[in-house]
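To start, the structure itself, in structure tokens.
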2 protein chains.
Amino acid sequence: MRLSRYFLPILKENPREAEIVSHRLMLRAGMIRQQGQGSFTMLPLGKRVLDKVCQIIREEQNRAGALEILMPTIQSAELWRESGRYDDYGKEMLRIKDRQDRDMLYGPTNEEMVTEIFRSYVKSYKDLPLNLYHIQWKFRDEVRPRFGVMRGREFLMKDAYSFDLNFEGAKAAYNRMFVSYLRTFTRMGLKAIPMRADTGPIGGDLSHEFIILAETGESQVYCHKDYLDLPVPGEATDFANDGEIAGIVKEWTTPYAATDEMHDEAAWTAVPADKQLSARGIEVGHIFHFGEKYSKPMNAKVQGPDGKEHFVSMGSYGIGPTRLIAAIIEASHDDNGIIWPESVAPFDVVINNMKPGDADCDRISEHLYAAHQAAGLDVLLDDTDERAGAKFAKADLIGIPWQVIVGPRGVAAGEIEVKRRATGERDTKKIETLLASLGPTP
Amino acid sequence: MRLSRYFLPILKENPREAEIVSHRLMLRAGMIRQQGQGSFTMLPLGKRVLDKVCQIIREEQNRAGALEILMPTIQSAELWRESGRYDDYGKEMLRIKDRQDRDMLYGPTNEEMVTEIFRSYVKSYKDLPLNLYHIQWKFRDEVRPRFGVMRGREFLMKDAYSFDLNFEGAKAAYNRMFVSYLRTFTRMGLKAIPMRADTGPIGGDLSHEFIILAETGESQVYCHKDYLDLPVPGEATDFANDGEIAGIVKEWTTPYAATDEMHDEAAWTAVPADKQLSARGIEVGHIFHFGEKYSKPMNAKVQGPDGKEHFVSMGSYGIGPTRLIAAIIEASHDDNGIIWPESVAPFDVVINNMKPGDADCDRISEHLYAAHQAAGLDVLLDDTDERAGAKFAKADLIGIPWQVIVGPRGVAAGEIEVKRRATGERDTKKIETLLASLGPTP
């Protein structure tokens, strides 16, 4: 992409309304525009990051055996009356009437609808396990939406729903999502720690929030430092092997970890003092086993191997991709701007032509631009005639992992400079060396 | 994907509510489930087709220089009051009040919002041309939604909006989208013919509907047979070259083509009788130049090279991906089911293991499955123990372009059968020959 033809509305000033760094940086870097209370347009740079985030989520859901569908945003009130939630859900639910005066709502979540889909088609345990997910807009009419996309009213959510014959199956399904989430967040450059969450009237211990540590986190969390070095399951993980998956979950739930809400002072003092990590955290995912909570009132049953009918045992598994973008920035930035992990960066490389109009700078910039594209990289060519300082500041602000600087003096010597955004390291390289190295990263 | 682990709820009976073939086949093939009036879930098979359709649209929008963003579904009524459309738009607009009793609406289209984004950031003609698009859910509260996803209430739409300094620029932007649409539909295996559409109070001739011919089409259309052989612009088309693009538009607007609404008997009789093609058509895209219709009331101006302020000249460009899926089926099916064009097929190949449990059939099926995946193909392995007839019928119904049939007798002879869905042709092949041929298609 040529910056001269791109739409990247950088803000020079710090927007006053932004209270946290991710909100400020997303506005300044031209990633989002607010359209209403808690409602945002993803501008081109933001859309690119969102796509990369969603793609990682999708790949890891698929790897764990979940199947992607796409349910509508508007739901009928009738369905929610079946589960009893139409009245229970308070003012956060956006209620709507259509032209025939029928009660509808903008889905804040999809348990009812997916249960309705399930019961319409699935009649036998032979078709289980089943896990259906979608990535779709949700609306929750929060009293006080704030912090940009961190707590919006209209937001994107990946929500998965598992269906199993019994608790044992449901637990295996829960474990698969648990491990899938570990992989998902790690691939985005995040260290996410699963912490037990409240299961309320459902009971049991099958509810975890995935929390990343960040100074600006919304809640206080406590965990054993061992989490920082626990190995994350690799690509070869066999999701069909319940035992292997349960083993990983065991390893990741044994050391102490709790949010403020679930904190247990007695257990905490049992952690050696030098292993205690008390920090701020941001929730980036939540998995929850709720058994027959919806299958019973909505009559979602399958025939078991015993010939009898059984209410299916269910769980739900959420990640908010728009919120995740903010969380990644909270965890990875400096005074100059965003520092994207390579896997979710909107562009892999920016080529900074320091003197557009100079025949040599133009020629080398174009050559490098084409070579990076040919190598399958997402590359941004800054071909604008802004002054050098502004170009450097912009490249740092938008956080592209690698900057290739093409200046007249360097080009005369057959050289360019390569800067790594994360560390600030600069390396002078022969142009041929860079071209020759164009593998996955320059 | 193994069919035994997939969610493909095939219907054996013809659903009574489906009046047209695409609706019937999408229900029968387990692609969609109706959730309410004019509202559908895309089930896994449908979601795959939708993704392929959207990806082609996206690639061709990007190629033509449009930039992808993502605007929210819920809009504030205030914006629509600025343009005057809040009152003009009738009951088709889904009006909503939030918890603070503010008037909002579910966007039926996005002219107002994108104009608001534009005017907030763009101040100079130097930042033009600009074309912003998104692929997002829309809601139109139709009195009588029908024909499945062909005319839904909640539907996906790709809507692009161009901004230019003056009419000349806007016309060039219009032409780029015109050519982009030709390429888009062709890549989906469709022959789309651009037909002049009503420009209403805007006037001029810059409004075209793209119509595909199908017996079940909703409207009567008339065109010159020459359209059927007109060459579609290739990948090398230079969208930066206004002259080249205008030349293509000229070529594609010169022969007679009109919908019933715009039909001109005098011009029609001038077409030689043997060149007259009168048929049924389905609208799959609409492009429209509307000049200052929104920029004036919403005060979207840029400074021109003359130092003066000018209202930008705009156009909008729509394609409905969900509707397009139905249109593709209307244009490409037979009595046995859907016949997917390869570019939008949910899977490229289905491997039909005719005797699961037979060691040789299993071994060869697994080997072929792995080899197709390694070749980068989307492959479905039918590893279920249904009887042969049901497997064949299902493969035909869901319309996968290639079927590889692995049966015990063939395998004993080192052979499989390859069937091409579109023609019904069957070819017996040596297994090694198939393996060796695994390029882009088997």
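The values are calculated or read from the model by the stated rules, or taken from the named source; none is laboratory data. Remember, predicted model here, so these are calculated numbers, not experimental data. Glycine gets a Cβ as well: all are built from the backbone with ideal geometry, and neighbour counts include every protein chain shown.
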Practice task
Report whether or not B:Arg16 is farther than 27 Å from B:Thr186 by Cα, more than 10 Å from chain A (Cβ to nearest Cβ) and either within 22 Å of the chain's Cα centre (by Cα) or not hydroxyl-bearing (Ser, Thr, Tyr) (or both).
Solution key: yes
Practice task
Please find, among A:Leu27, A:Leu43, the residue that is buried (at least 22 other Cβ atoms within 10 Å of the Cβ), facing chain B (nearest Cβ under 7 Å), out of contact with any helix residue (DSSP H, G or I) (no Cβ under 6 Å at 6 or more places or on another chain) and under 23 Å from A:Phe347 (Cα atoms).
Solution key: A:Leu43
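State all residues of region A:1-23 that are more than 20 Å from B:Ile135 (Cβ to Cβ) and touching a residue at least 24 places away in the same chain (Cβ under 8 Å); if no residue qualifies, say none. Spell out how you get there, then give the answer.
Initial filter on region A:1-23 (more than 20 Å from B:Ile135 (Cβ to Cβ)): A:2-5, A:8-23.
Once the filter is applied, which keeps residues that are more than 20 Å from B:Ile135 (Cβ to Cβ) and touching a residue at least 24 places away in the same chain (Cβ under 8 Å), region A:1-23 yields A:Arg2, A:Leu3, A:Ser4, A:Leu8, A:Pro9, A:Ile10, A:Ala18, A:Glu19, A:Ile20, A:Val21, A:Ser22, A:His23.
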Handout entry: For A:Asp101: the one exception among (1) more than 9 Å from chain B (Cβ to nearest Cβ); (2) crowded, with 18+ Cβ neighbours inside 10 Å
Key = (2)
Handout entry: Failed item, numbered, when B:Pro297 is tested on (1) in a helix (DSSP H, G or I); (2) more than 22 Å from the chain's Cα centre (by Cα)
Key = (1)
Practice task
With the condition kept exactly as written, say whether any residue in region A:415-428 is in contact (Cβ under 8 Å) with a residue 60 or more places away in the chain and loosely packed, with under 14 Cβ neighbours inside 10 Å.
Solution key: no
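Please return the ranges of helices (runs of 4 or more DSSP H) entirely within region A:73-142 where 2 or more residues are among the hydrophobic types (A, V, I, L, M, F, W, C) and touching an Asp or Glu at 6+ places or on another chain (Cβ under 6 Å).
Numbers: elements: A:77-83, A:85-88, A:111-121.
The qualifying helices (runs of 4 or more DSSP H) are A:77-83.
Identify, please: which residue in region B:25-72 is in a loop (DSSP other than H, G, I, E, B) and among the small types (Gly, Ala, Ser) and is, among those, nearest to B:Val143 (Cα to Cα)? Even if it seems obvious, please write down each step before you answer.
Here is the first cut: in region B:25-72, the residues in a loop (DSSP other than H, G, I, E, B) are B:29-31, B:37-38, B:43, B:64-66, B:69, B:71-72.
Next, from what is left, pick out any that are among the small types (Gly, Ala, Ser): B:29-30, B:38, B:64-66.
Values: B:Ala29: 28, B:Gly30: 27, B:Gly38: 10, B:Ala64: 36, B:Gly65: 37, B:Ala66: 34 Å.
Going through the qualifying residues, I end up with B:Gly38.
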Problem - So B:Ala214, is it in the same structural domain as B:Ala173 (by the TED database) and more than 22 Å from the chain's Cα centre (by Cα) - result: no
Completion exercise
Checked against (1) of a type in the set (A, V, I, L, M, F, W, C); (2) in contact with a strand residue (DSSP E or B) (Cβ under 8 Å, 6 or more places away or on another chain); (3) over 27 Å from A:Gly234 (Cβ atoms), A:Ala266 satisfies every condition except (2)
Practice task
Name the one entry in B:Asp382, B:Asp378 that is of a type outside the set (Ser, Thr, Tyr) and touching an Asp or Glu at 6+ places or on another chain (Cβ under 6 Å).
Solution key: B:Asp378
Problem - Top-ranked residue in region A:106-140 [being surrounded by fewer than 20 Cβ atoms within 10 Å (Cβ to Cβ) and closer than 14 Å to A:Arg85 by Cβ; ranked as farthest from the other protein chains (Cβ to nearest Cβ)] - result: A:Thr109
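Taking region A:141-151 as the region of interest, how many residues are more than 10 Å from chain B (Cβ to nearest Cβ) and in contact with a Leu (Cβ under 8 Å, 6 or more places away or on another chain)? So that I can check it myself, show each step before the final result.
First, the residues of region A:141-151 that are more than 10 Å from chain B (Cβ to nearest Cβ): A:144-151.
Cutting the leftovers down to in contact with a Leu (Cβ under 8 Å, 6 or more places away or on another chain) gives us A:148.
Selection size over region A:141-151: 1.
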Problem - Selection within region B:56-73 - farther than 22 Å from B:Phe163 by Cβ and within 11 Å of chain A (Cβ to nearest Cβ) - result: B:Thr73
Problem - Filtered residue count, region A:265-304, keeping only those that are closer than 17 Å to A:Leu130 by Cβ and free of Cβ contacts under 8 Å to residues at least 12 places away in the same chain - result: 0
Completion exercise
Among the residues of region B:376-435, the number that are under 19 Å from B:Gly30 (Cβ atoms), of a type in the set (D, E, K, R) and touching a helix residue (DSSP H, G or I) at 6+ places or on another chain (Cβ under 8 Å) is 5
Handout entry: From the options A:Ile325, A:Ile245, A:Ile282, A:Ile287, residue that is in a helix (DSSP H, G or I), in contact with a helix residue (DSSP H, G or I) (Cβ under 7 Å, 6 or more places away or on another chain) and either charged (D, E, K, R) or within 30 Å of A:Gly399 (Cβ to Cβ) (or both)
Key = A:Ile325
Problem - Yes/no for B:Ser316 being part of a strand (DSSP E or B), of a type outside the set (Asp, Glu), exposed (fewer than 15 other Cβ atoms within 10 Å of the Cβ) and touching a strand residue (DSSP E or B) at 6+ places or on another chain (Cβ under 8 Å) - result: no
Practice task
Examine region B:177-192 for a residue that is part of a strand (DSSP E or B) and surrounded by 19 or more Cβ atoms within 10 Å (Cβ to Cβ), and state whether such a residue exists.
Solution key: yes
Practice task
Please specify each residue of region B:193-222 satisfying the condition of being part of a helix (DSSP H, G or I) and without any contact (Cβ under 8 Å) to a residue 40 or more places away in the chain.
Solution key: B:Gly200, B:Pro201
